[in-house]
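Structure record follows, encoded as structure tokens.
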Amino acid sequence: MSGPGLERRYRRVLRLLPGYYRDAWEEDMVAAFLDSWLTGDPEVDAAVLTFCRPSWGEIASVAGLGVRLYLGGAGTPRRYFAWGQAVRRAVLAVMLVHAVLGLNVLVRTAWSRRLFGLPAPPASLLAVTPSGVWPTVFHVVNVAWIVIFVTLALGHYRTARLLAALAIIPGLAALLQAQFTGIMPAPFGPWAWWVLFSLAPVAAMTAFHTGAPPAARWPWLLALPTGYLLVIVPLLVAQATGNLAWVPDFSGQCCLLVALACLAHAPRAWSRQAVGSGVWSLTLALLAAVAGAYRIVTLTGYAHDPHLITVSLAELIILVAAAALVAPDAARAQTATPAPPYRGTIAA
């Protein structure tokens, strides 16, 4: 890597970008960066080229561009497009989980308060909402997740990212308060939930950029009421009939739901003629990794209950076995092919 010190430093920063993009744009980008420093005075320019370094703002800008390119959109090499699509679909799936849980909170609250002329719920389903600021914040956050999911599915990416960034703050504040006082002020999830299901997907929303193809709106929007009817309603029935002890905990439910999705997708994944199956296989592999990680972390809560440890490990084995069925298809989806010359422009 030859050239003045400043040029070498810029080229090192540009290593954050994918190779296909550097091949097309590295020289132009380096020239533009250097030109922004030069003054026309030979002595000053010599000192600048020798001692100056890229600013933190420039490094952050290149890093952000690198993330968007690695999670590519239309026109990018196959590997980057597959990962981008898989991450976007996985984020939508996690946002769907948040939205379904939020809808459940709203429905149970309305039912308990007998709004809209609803009959009184069974005692086991009665939701008692304590007064105070934190319970109110908890309900607002649950409504926000529904709005975030719908906004993201409709393609309003910036609005969804902003709302999601705000929605995870109360959970963090509650966890920090519990960390220092020992009292959780509202029914927010534990640290593992916040990191895996809040912070990580919100950060991964970077994959929703202007070059990303839009999601299929109606299937995702219809998944919200469908998910509530197929998942939450049976759980409410089990609770109302006193059979909730037979229902897995939330970690187990995530493992089993992802495993069922893998099993349902496996025939298509093994059919080489199925168009687009690889991206869904890669998406399911990502969701399986998240569900499996959450299952493993939550095992510590059952340290003194060997039966629940056994059940949890069985759920994890089922998840791993189901994910293994789609793993070959997921690997094929992101197998690198020779990257064509990139003709696009620098992503915004």
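The values are calculated or read from the model by the stated rules, or taken from the named source; none is laboratory data. Everything quoted here is computed from the prediction, not taken from an experiment. FYI the Cβ positions are ideal-geometry reconstructions off the backbone, even for glycines, and counts take in every protein chain you see. Please note that ligands, DNA and RNA were not included when accessible areas were found on the heavy atoms of the full protein model with its side chains. Shrake-Rupley method; radii C 1.70, N 1.55, O 1.52, S 1.80 Å.
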Self-check item: Selection status of GLY72, in contact with a Gly (Cβ under 6 Å, 6 or more places away or on another chain), part of a loop (DSSP other than H, G, I, E, B) and of a type outside the set (Ser, Thr, Tyr)
Solution: yes
Quiz item: So how many residues does the range 164-203 have that are surrounded by fewer than 18 Cβ atoms within 10 Å (Cβ to Cβ) and either without any contact (Cβ under 8 Å) to a residue 12 or more places away in the chain or over 23 Å from THR298 (Cα atoms) (or both)?
Solution: 15
Self-check item: Matching residues in the range 294-321 - criterion: being of a type outside the set (Ser, Thr, Tyr), within 26 Å of the chain's Cα centre (by Cα) and open to solvent by less than 50 Å² (accessible area, probe 1.4 Å)
Solution: ARG295, LEU299, ALA314, GLU315, LEU316, LEU319
Quiz item: Listed residues TYR20, TYR80, TYR10; which is open to solvent by less than 70 Å² (accessible area, probe 1.4 Å), in a helix (DSSP H, G or I), out of contact with any helix residue (DSSP H, G or I) (no Cβ under 7 Å at 6 or more places or on another chain) and hydroxyl-bearing (Ser, Thr, Tyr)?
Solution: TYR20
Quiz item: Of the residues that sit in the range 185-229 and are of a type in the set (Val, Ile, Thr) and touching a Gly at 6+ places or on another chain (Cβ under 9 Å), which one is modelled with the lowest pLDDT?
Solution: THR210
Practice problem: Filter the range 25-47 for residues that are more than 17 Å from ARG12 (Cβ to Cβ), of a type in the set (A, V, I, L, M, F, W, C) and either touching a helix residue (DSSP H, G or I) at 6+ places or on another chain (Cβ under 9 Å) or not in a helix (DSSP H, G or I) (or both) and give the result. | Solution: LEU38
Quiz item: Within the bounds of the range 288-300, is there any residue that is touching a Pro at 6+ places or on another chain (Cβ under 7 Å), at pLDDT 95 or above, part of a helix (DSSP H, G or I) and within 20 Å of CYS262 (Cα to Cα)?
Solution: no
